[in-house]
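Below: one structure, written as structure tokens.
The values are calculated or read from the model by the stated rules, or taken from the named source; none is laboratory data. This is a predicted model, so every value here is computed, not measured. Here the Cβ positions follow ideal geometry from the backbone for every residue, glycine too, while neighbour counts run over all protein chains shown.
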Amino acid sequence: MVIDFHGRVAIVTGAGKGLGRSHAEALARRGAAVLVNNRTHPGEPSSADAVVEAIRAAGGRARANYDTVDSPGAGERIVAAAVEAFGRLDAVVANAGWSEPTAFHREAVDHFHKVIEVNTFGALDVIRAALPRLRAQNYGRIVVTTSSAAVFGDAGFVSYAAAKAALIGFVRALAQESTLAGVVVNALLPFAHTPMTDALFAGPAFPVHTAEVMTTGPATNLLLWLLSEQCSETGQTWLAGGRVFQKLLTQVTRGIVVPSADIGPEELAARVDEIGDPTSPASHASGAALLASMAQRSLSAGPTRDRRRLGTFANPGAAEYNEPGGPWFEQTMCRLLQEAPERNDLVCGDTVRLSTDGLRAAVGRAAGWLREAGVAPGDAVAWQLPNSPDAVVLYLATWWVGAVAVPFHDSLTSVEAQRVIDGVAGVAALIVDPALPLAAHAGATILPAAGIAALAAESRPVAQPACQPADAAVVLTTSGSSGVPKSVIHSHRSLAAKARQLSLLHGTTTDDAVLVPAPLSHMAGLLHAVMHPLGAGAKAVIMPRWDAADGLRLIRDEQVTMMFGPPIFTLGVAATYDFTPDAVKSIRLVSSGATAITEAYVRDVSEKFGAVVKRTYGSTEAPITCTAYPGDDPVRFWSTDGRPAPGVQLQIRSADGRVLPAGASGEIWLRGPELCDGYLDPEVTESTFVDGWMRTGDLGTLDEHGFLTVGGRISGLIIRGGMNISGREVEAALEKHPAISQAVVLGYPDELYGERVAAFVVCREPFDRPRCVQWFAKHGVAKYKVPDRIEVVDAIPVLSSYQKPDLGALRARLRD
């Protein structure tokens, strides 16, 4: 990059000597035509003329202007002179300044006014005159010179400090007005030895050779960048002195939040040290952002907020799950990040790859940004993002500051999201991709194209995590495939427990790579993009969006060894045009769940992929509670949903809560270290959890060896003329037929039988009820289980965000 000003025209006020002269000559050396402004003194040669002569002698272009910046109409005259001389105007350097030391209480009114008029109005006047021209050409660069007195104060220069401080606020506000017009505005705070600072550098506070180091060159070089086409930074104040360059940040202390606005002055006085504690200061992009933060924190502290709901929860009986395979009780996801093996990578599509160290660094900076934004332990941090490393970083950064993650699927509407936001009593931060529905939500922070790294670029990393094992970690929304979606709360303890188990459950090592097509806002995505890499060291290959052809390519390019999720992912890959067994030869394990998994599916995928294929049982509330372990009888992989994970206790119970013997069918009750802490809705929590056990609402049987076979949802149980029919059993029987590739079975009302059986089937060849009767009879399926209605469809409708059958849509079709 070469900074060049050929063809550009700049005004520099106060350019007769010192910094102004340095700026003007440097601009001219790099090709700019410069209007050199400096006031003249009666009887003295013009310093502006001397600068112009020097520029011309060096081959540059310049013209002198002698207007005093505080005289009426000076701004218009200066701008007109530049345009008359050079035909255009591209940049303004408002450098003119003046001051004389005097104590404010002794300062004459005329002196005070003159200081303000020269230093503040003199800058604003010339900039105001230039702006219409700069905006019309959609390009301009403006730099004003401010002073350390504006930031730190300076006894004897009170009015000067006020005048220069006004310019810092002016720059911030004008930048907000001018960005879309192509005009970049900044302030320069220089420290340099000039005639104006002679007395200062001669003082006893400075070493003898200070003046030799503090030349005008560094400040001028910084100014050249601020005036260049390459500079997009705007609204900022930049410092240069000697060999040091810095940026001024405006920060506020973390302060305190009180439960009532009626707090008295005496209590405030007693807590002044807390209010002023400089630990973890916060930065805000605007006054409105600061106001929003204060309002959110105030609302969060009010009586409408149940702090326990977003603080510490209790999974009843969690202390019992220290063994086997523990200890689970004292784990957090942050600790797993600290201990994660360096081998694992985070890959997203073709462009992003993060090592473990890179992930840790990104999380630390993002945590710093969240803390600066006012996020406190126990607060909720929400986001709506596509699958990306940013989502992984946000999970971990949110936990790092002790907050609760509330991820929203990218299709969730503002109305749906607001229900969850209301459930957590408001969010402290909401980060949204600009293309997604919540971008218009009040208070949303729009993620820039450069991602979280851009938001957190200037944030101080947070070194140590603030989360505890019992703290709430995440609020996830269930699929709602058979009812109203529920908001599930998981603690660090429950997530870390499952993360630690994954290598045992699936034989995962640091040589494995896991394909992650599932949304990271769902438990499956969280499991395999965040928990699996941290708990077992596997590489996570995240798909920005599901596409079967991309999935096949990533499997081949990244040597993916493991796939998890509903059948749509594996069947989609197998159906691609380029699919061959050789293309997926790296796959060693396919674990399918999230919907009914039939024996026919397992056999089909096993044959096509040449991999071990197994069924897995779990839910958002209790992820991967059952699966076949490495070394189990292969028959168990496809004929059952596996056996309980370490620490999981699972029982089959009757409708009245009695524990049933092996082989009996009933409701699955379970408890274990990965079990959630409940729901945002306390009534749902109360009806679902009994003495620490979760009533899953799923039907199942346990055999004598402890292997589970899931029979579907209780709510999906079809009672036809007093006979109980498992929809899942009927689906499995249908999918064994060579004509059928997929089946979904559910009940529909009937006056005679109470309910009848309907089946929606996707067929490879014609199929009807007579063929079904023959098939069921041949395979020993009771006649009363034969579907009364068979609907042949091109595809089973799915809930797009979960890839589960949309039972609501199917029921609506039955009613039509």
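For the structure I just gave you, tell me whether residue 246 is in a strand (DSSP E or B), modelled with pLDDT of 85 or more and more than 20 Å from residue 379 (Cα to Cα). Considered against the rule, which asks whether it is in a strand (DSSP E or B), modelled with pLDDT of 85 or more and more than 20 Å from residue 379 (Cα to Cα), residue 246 comes out as yes.
Could you list, in sequence order, all residues of the stretch 135-148 that are surrounded by fewer than 23 Cβ atoms within 10 Å (Cβ to Cβ) and either modelled with pLDDT under 90 or touching a strand residue (DSSP E or B) at 6+ places or on another chain (Cβ under 9 Å) (or both)? Give the steps one after another, and end with the answer.
Going residue by residue through the stretch 135-148, those that are surrounded by fewer than 23 Cβ atoms within 10 Å (Cβ to Cβ) are 135-139, 148.
The answer is 135, 138, 139, 148.
State yes or no: is residue 143 out of contact with any Gly (no Cβ under 7 Å at 6 or more places or on another chain) and within 22 Å of residue 70 (Cβ to Cβ)?
Values: out of contact with any Gly (no Cβ under 7 Å at 6 or more places or on another chain): yes; within 22 Å of residue 70 (Cβ to Cβ): yes.
Yes: the conditions hold for residue 143.
Screening the candidates 96, 24, 64 for the property of being aliphatic (A, V, I, L, M), in contact with a helix residue (DSSP H, G or I) (Cβ under 6 Å, 6 or more places away or on another chain), part of a helix (DSSP H, G or I) and on the phi < 0 side of the Ramachandran plot yields one hit, 24. Among the residues here, residue 415 qualifies as surrounded by fewer than 18 Cβ atoms within 10 Å (Cβ to Cβ), of a type in the set (Val, Ile, Thr) and more than 23 Å from residue 496 (Cα to Cα).
Tell me whether the stretch 269-287 contains one or more residues that are hydroxyl-bearing (Ser, Thr, Tyr), exposed (fewer than 13 other Cβ atoms within 10 Å of the Cβ), closer than 24 Å to residue 169 by Cα and at pLDDT below 70.
Of the residues in the stretch 269-287, the ones hydroxyl-bearing (Ser, Thr, Tyr) are 279-280, 283, 286.
If we keep only those that are exposed (fewer than 13 other Cβ atoms within 10 Å of the Cβ) too, we end up with 279, 286.
Subset that is closer than 24 Å to residue 169 by Cα: 286.
Okay, now just the ones that are also at pLDDT below 70, so 286.
Yes, the stretch 269-287 contains a residue that is hydroxyl-bearing (Ser, Thr, Tyr), exposed (fewer than 13 other Cβ atoms within 10 Å of the Cβ), closer than 24 Å to residue 169 by Cα and at pLDDT below 70.
Working only within the stretch 143-155, note down all residues that are part of a loop (DSSP other than H, G, I, E, B) and in contact with an Asp or Glu (Cβ under 9 Å, 6 or more places away or on another chain).
Once the filter is applied, which keeps residues that are part of a loop (DSSP other than H, G, I, E, B) and in contact with an Asp or Glu (Cβ under 9 Å, 6 or more places away or on another chain), the stretch 143-155 yields only 147.
Looking across the stretch 640-665, the residues that are small (Gly, Ala, Ser), modelled with pLDDT of 85 or more and more than 16 Å from residue 505 (Cβ to Cβ) come down to 654, 657, 662, 663, 664, 665.
Among the residues of the stretch 423-440, the one identified as surrounded by fewer than 17 Cβ atoms within 10 Å (Cβ to Cβ) and in contact with a helix residue (DSSP H, G or I) (Cβ under 8 Å, 6 or more places away or on another chain) is 440. Within the stretch 500-530, the set of residues being surrounded by fewer than 24 Cβ atoms within 10 Å (Cβ to Cβ) and more than 17 Å from residue 560 (Cα to Cα) comprises 500, 504, 505, 522. Scanning the stretch 27-42 for residues that are in a helix (DSSP H, G or I) and touching a strand residue (DSSP E or B) at 6+ places or on another chain (Cβ under 6 Å), we see that the one that is surrounded by the fewest Cβ atoms within 10 Å (Cβ to Cβ) is 28.
Only residues that are in a loop (DSSP other than H, G, I, E, B) and not charged (D, E, K, R) were counted in the stretch 374-388, giving 9. Checked against the criterion of being basic (Lys, Arg), within 28 Å of residue 339 (Cα to Cα) and not in a helix (DSSP H, G or I), the stretch 544-559 contains not a single residue that satisfies it. Against the criterion of being at pLDDT below 85, assigned by the TED database to the domain that holds residue 137 and within 23 Å of residue 3 (Cα to Cα), residue 179 qualifies. When 219, 211 are checked against the criterion of being farther than 30 Å from residue 275 by Cα, modelled with pLDDT under 90 and assigned to a helix (DSSP H, G or I), 211 stands alone in meeting it. Restricting the stretch 352-380 to residues that are buried (at least 24 other Cβ atoms within 10 Å of the Cβ) and among the β-branched types (Val, Ile, Thr) leaves a set whose member that is farthest from residue 488 (Cα to Cα) is 363. Take the conditions (1) modelled with pLDDT under 90; (2) part of a strand (DSSP E or B); (3) hydrophobic (A, V, I, L, M, F, W, C); residue 668 misses just one of them, which is (1). Among the conditions (1) in a helix (DSSP H, G or I); (2) at pLDDT below 85; (3) β-branched (Val, Ile, Thr), residue 730 misses just one, which is (2). Note on the stretch 531-551: residues that are of a type in the set (Gly, Ala, Ser), surrounded by fewer than 24 Cβ atoms within 10 Å (Cβ to Cβ) and within 19 Å of residue 392 (Cα to Cα) total 1. Picking from residues in the stretch 57-75 that are out of contact with any strand residue (DSSP E or B) (no Cβ under 6 Å at 6 or more places or on another chain) and not small (Gly, Ala, Ser), the one that is farthest from residue 41 (Cα to Cα) is 72. Is there a residue being in a helix (DSSP H, G or I), without any contact (Cβ under 8 Å) to a residue 24 or more places away in the chain and within 48 Å of the chain's Cα centre (by Cα) anywhere in the stretch 124-134? Looking through the stretch 124-134, at least one residue is in a helix (DSSP H, G or I), without any contact (Cβ under 8 Å) to a residue 24 or more places away in the chain and within 48 Å of the chain's Cα centre (by Cα).
I'm trying to understand the selection: among the residues of the stretch 67-93, which are over 14 Å from residue 24 (Cβ atoms), within 47 Å of the chain's Cα centre (by Cα) and not in a helix (DSSP H, G or I)? Residues satisfying the conditions are 88, 89, 90. For the stretch 402-412, does any single residue satisfy the condition of being over 15 Å from the mean Cα position of the chain (by Cα), modelled with pLDDT of 90 or more and more than 20 Å from residue 517 (Cβ to Cβ)? The answer is yes; a qualifying residue exists.
Each row is one residue, and each column tells you yes or no for (1) surrounded by fewer than 16 Cβ atoms within 10 Å (Cβ to Cβ); (2) closer than 25 Å to residue 571 by Cα; (3) touching a helix residue (DSSP H, G or I) at 6+ places or on another chain (Cβ under 9 Å); (4) not aromatic (Phe, Trp, Tyr).
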{"position": "733", "(1), (2), (3), (4)": "no, yes, yes, yes"}
{"position": "755", "(1), (2), (3), (4)": "no, no, no, yes"}
{"position": "758", "(1), (2), (3), (4)": "no, yes, yes, yes"}
{"position": "762", "(1), (2), (3), (4)": "no, yes, no, yes"}
{"position": "774", "(1), (2), (3), (4)": "yes, no, no, yes"}
{"position": "796", "(1), (2), (3), (4)": "no, yes, yes, yes"}
